[in-house]
Amino acid sequence: MSTHETPQSGELEAARLLLARLGVNPADLLADTGTAERPVPTVAEWIPVVTGLVSPSTARAYRSYWARAEAAWGERRLDEVTASDIRAQAEKAKATAVVRRNSRGGRSAAENFVAAIRCLYRHAEDDGLIDERRNPARRVTKPRRLPSTRRALPDERLSEIIEVVAATGDDPELDTLLVRLHIETACRRGGALALRLRDLDTDQCLIFLREKAETVRWQPVSPTLMRHLVDHAHTRGATEADTAVLRYARGGPITRRRYDHLWNRVARHLPWARAQQISTHWLRHTTLTWVERHFGFATAHAYAGHTDSHDNATSTYVKADLTDIATALATLTGEDHPLAQNRRQH
């Protein structure tokens, strides 16, 4: 006996009446009304898209890792790459990392590879190309970052560096200006390279810094440093508002290569600097440590230009401003600053 029951004519009529009231043609129910899904691109197709979406500094940092991904999975769709594939390539990046004196067994290469792949898939999620639950990069844990070996330099070591910079090289004026800029502001290399003539507020002794992750801030500098920055820029051909402040003797803007030459020279003259791989970032550590010791964590946090939130509720209320930073700078340099509190701390 059949268990299939044929709809009664009354039921069919009721269904037709309901569809009519809803404005639905019964024939439409038999047609394929589903919309075609957007095709998922291959890894090779997606990398140029993301390259155009991120900042130039991010693209530069991830370029070699994306090239590795393209070589391994270029013809595969994003949804065909597995978490195991990503882990395997991260291990290869770790194993083949360039060995330097301050290397840590390729951990940074593996960490950066995972970060680069996460960037690709994060944009794919944002565009609806892949579902969060099917994102393989989310299931790969980045290697834990080890504590930095950088630390604050003692005064005598910092003095040695300044002496070498001022007495050697083909442009001591430029190099001493660079070192003083980084000591006073604790800025990153990218912030100094991006400094333009229009970024100098000579009245308030402030410079406008653009640094990583597109962060921006006004940073106090001493009147002496401001005067030297302006003289340096004008003497070396910076006349338009958007021209770079820091320039070679022939007039062109400096590049990252100038920093490489500077610290290679310091390493040749100071064996301890060569052994510890001293770089510009050590100056940042030195200044921020001094600020934290003398003016507290909130001022050091602001001085560094950090925008991340802290892990305690007190930091929600305890924040430093330009006055605090300027006061710390005035004490550091021994010069009055237009924005500092009247009485400098000693």
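When the P(r) is computed for segment 155-333, the part past 26 Å accounts for 31% of the Cα-Cα pairs.
Each residue of segment 319-329 is assigned a 3J(HN,Hα), and the resulting list reads 9, 9, 10, 4, 4, 5, 5, 5, 5, 4, 4 Hz, derived from the Karplus form 6.51 cos²θ - 1.76 cosθ + 1.60 (θ = phi - 60°), x at Gly and Pro. Taking packing as the residue-averaged number of other Cβ atoms within 10 angstrom, the listed peptides 282-293, 248-259, 161-172 run from highest to lowest as 282-293, 161-172, 248-259. Near residue 217, the amide H atoms lying under 5 Å from its own belong to 209; only residues 5 or more places off or on other chains count, and H is placed 1.01 Å from N. Less than 5 angstrom separates the built amide H of residue 277 from none of the residues sequence-distant by 5 or more or on a different chain.
Reported to the nearest whole Å, the Cα centre-to-centre distance from segment 250-286 to segment 183-248 is 19. Stretching the chain fully between residue 107 and residue 260 yields a gain of 52.8 nm (0.36 nm per residue, less the alpha carbon separation).
Shape class of segment 235-298 from the Cα gyration tensor (axes a ≥ b ≥ c, square roots of the eigenvalues): oblate, since a/c reaches 1.5 or more and a/b does not exceed b/c. With a Förster radius of 35 Å applied to the beta-carbon distance between residue 294 and residue 67, the computed FRET efficiency rounds to 0.15.
Multiplying the residue separation of residue 138 and residue 230 by 0.36 nm and subtracting their alpha-carbon distance yields 28.3 nm. Residues whose amide H comes within less than 5 Å of that of residue 247, counting only those at least five positions distant or on another chain, are 254 (H built at 1.01 Å from N in the peptide plane). Straightening the chain between residue 40 and residue 168 buys 40.4 nm, computed as 0.36 nm per residue apart minus the Cα-Cα spacing.
Each Cα pair under 8 Å and six or more residues apart adds its separation to the average, and for segment 161-253 the resulting relative contact order is 25 percent. For residue 285, project a label point 7 Å along Cα to C-beta. Then give me every residue of segment 147-170 with its amide nitrogen under 11 Å of that point. Those under the cut-off are 147-154.
Read the figures in this text as sums done on the coordinates, not as results from a lab. Just so we're clear, the structure is a prediction, and the values are computed from it rather than from any experiment. For neighbour counting, all protein chains shown are included, and Cβ atoms are generated from backbone atoms with ideal geometry for every residue, glycine included.
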